[in-house]
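Here's the structure, in structure tokens; my notes come after.
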Amino acid sequence: MDFELSAEQRLVKETARAFTDNEIVDRARENDRNEHFDLELVAKLAEQGYLGAIVPRKYGGAELDYLTYGLIVEEIGRGDSAMRTVISVQTSLVCSAILRWGSEKQKQRYLPKLCSGEWLGCFGLTEPDTGSDAANQRTRARKTDAGWTINGSKMFISLGNHAKLALIFAQSDPDEGHRGLACFLVETDQPGFQPQEIHHKLGLRGSDTAAISLDDVEVPDDGLLGEVGDGFKVAMSALDSGRYSVAAGCVGICQGCVDASVRYSKERQQFGRPIASFQLVQAMIADMAVETEAARMLVWRAGFLKDAGKPNTTETSIAKLYATEAAVRCANTAIQVHGGSGYVDDHPVERYLRDVRVTTLYEGTSQIQQLIIGRALTGINALVPA
Ligand SMILES: Cc1cc2nc3c(=O)[nH]c(=O)nc-3n(C[C@H](O)[C@H](O)[C@H](O)COP(=O)(O)OP(=O)(O)OC[C@H]3O[C@@H](n4cnc5c(N)ncnc54)[C@H](O)[C@@H]3O)c2cc1C
């Protein structure tokens, strides 16, 4: 087992670290305060090649392996979860699905635009009445002579107000259950595609989140991604990549909590000495450091398995479950180390806590990850409908 990063991986990580410190960190607080989705910063992410890290060069990507992609996501996640969300959605949920399931024509049409940042993409799985039970899609796709007509609504869709391309999951025949599910590549300038901004979120205020209504949206036959009946598999394979990305971003938050707490505890004086010299403060920092390293190792293992082309759904769920929950704990502890100062946004730790809270909810809640892991261990699927 080799825990050493290659020279190239170290360089990519250091570059992403410098980019985060120079370009992201200062803007994150203002964007959070103003609920501003920073498209200028998104363009910079694209210039860096961070929107298509795992996409082959021939489609405009950087052709990096998963482990290296995870290193980038960790660094961006340390700076700003809103920007990390852009990378995770664009790269993992959208590009990876097109790469895996798309026709050559679809790959050539969409991947270069997505990698360059010319277009943003979004992933429309969740609906007002369909969350964890993702196979139970209420959105309907009806076959027509010209292609498909889609009707329904989607909820909590990241980047949904700015996306030019939406992956929309829909049921083509309710009697067929899973076999009727399909995924469509919907160009969002179609009449009937109507996104609406969702405001007043606990965190991720610098991230764009939409409710989308689809009223008689027309999609041509070649807008189908994979075949009818592949919809659930498309969603699950995209989530395998997306969960990895979320987990890597959470390692970044954990590391950010350690860094901020070490820095602050050495500066802050109480009882005539730095609070870092108190054993109970050191214990908090040590606990965060242990969780950070453990989360990072689980993410690296999942990345290693992906790069080796080995099954990794369970290991990815383990990484996602642990890293997200660890990041919530670390953000909470980091506020404790900062005392009252940690409760206002002069320091990044209160934003870390607000931003990280959603990671145990989206891309499968922690309970859903537990059921995926439990299914692998027991052979019993608790996720089947009653
Ligand atoms: C900011 C934000 C961004 C998002 N971005 C996207 C996006 O880009 N695309 C997208 O498609 N979705 C997105 N989502 C939606 C997200 O994936 C869902 O919120 C999530 O899947 C949970 O679904 P739900 O909210 O309907 O909760 P529910 O499924 O209603 O779950 C509620 C509670 O019940 C528990 N529960 C449900 N079923 C079970 C079970 N079988 N066993 C045990 N416990 C169970 C859950 O764990 C949870 O605790 C986003 C959400 C947010 C908040």
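Coordinate-derived values only; no laboratory data. Since the model is a prediction, treat every value here as computed from it, not as a measurement. Using ideal geometry, Cβ is built from the backbone for each residue, glycine included, and neighbour counts are taken over all protein chains shown.
Miscellaneous remarks
- Nearest-20 debye value, region 59-215 charge dipole, Cβ charges on Lys, Arg, Asp, Glu: 100
- Highest-fluctuation residue, 217, 344, 358 considered, GNM on the chain with Cα pairs under 10 Å: 344
- Antiparallel bridge percentage (DSSP; both residues within the chain; nearest 5): 85
- For region 83-161 versus region 162-220, the gap between their alpha-carbon centres in whole angstrom: 7
- Per DSSP, loop GluC sites (Glu not before Pro) in region 102-207 with at most 15 further Cβ within 10 Å: 118
- Angle between the chain longest axis and helix 313-338 axis [Cα atoms, degrees, rounded to 10]: 40
- Centroid-to-centroid separation of region 39-75 and region 357-375 [C-alpha atoms, Å]: 26
- Unsatisfied cross-links (Cα-Cα over 26 Å) in the set 113/320; 154/306; 13/164; 44/164; 58/310; 107/310: 113/320; 154/306; 13/164
- Dipole check for the chain: with +1 at the C-beta of Lys and Arg, -1 at the C-beta of Asp and Glu, and the Cα centre as origin, the magnitude is about 700 Debye.
- Normalised by the number of residues in region 122-243, the average gap of Cα pairs under 8 Å and 6 or more apart makes the relative contact order 29 percent.
- Cα point-scatterer Debye curve for region 67-224, base-10 log of I(q)/I(0) at q = 0.11 Å⁻¹: -0.43
- Where only DSSP H runs of four or more residues are counted, the chain gives -15500 deg cm²/dmol as its mean residue ellipticity at 222 nm, each run worth -39500 (n - 2.57).
- Within region 69-174, percent of DSSP bridges classed antiparallel, to nearest 5: 50
- Each of 93, 71, 108 was scored by the projection of its Cα onto the charge dipole of region 65-110, and the greatest displacement toward the positive side belongs to 108; charges sit on the C-beta of Lys, Arg, Asp and Glu.
- Highest-fluctuation residue, 146, 170, 276 considered, GNM on the chain with Cα pairs under 10 Å: 146
- Under the criterion of Cα pairs below 8 Å and six or more residues apart, the relative contact order for the chain equals 16 percent.
- Over the chain: Kirkwood hydrodynamic radius from C-alpha pairwise inverse distances, Å: 21.2
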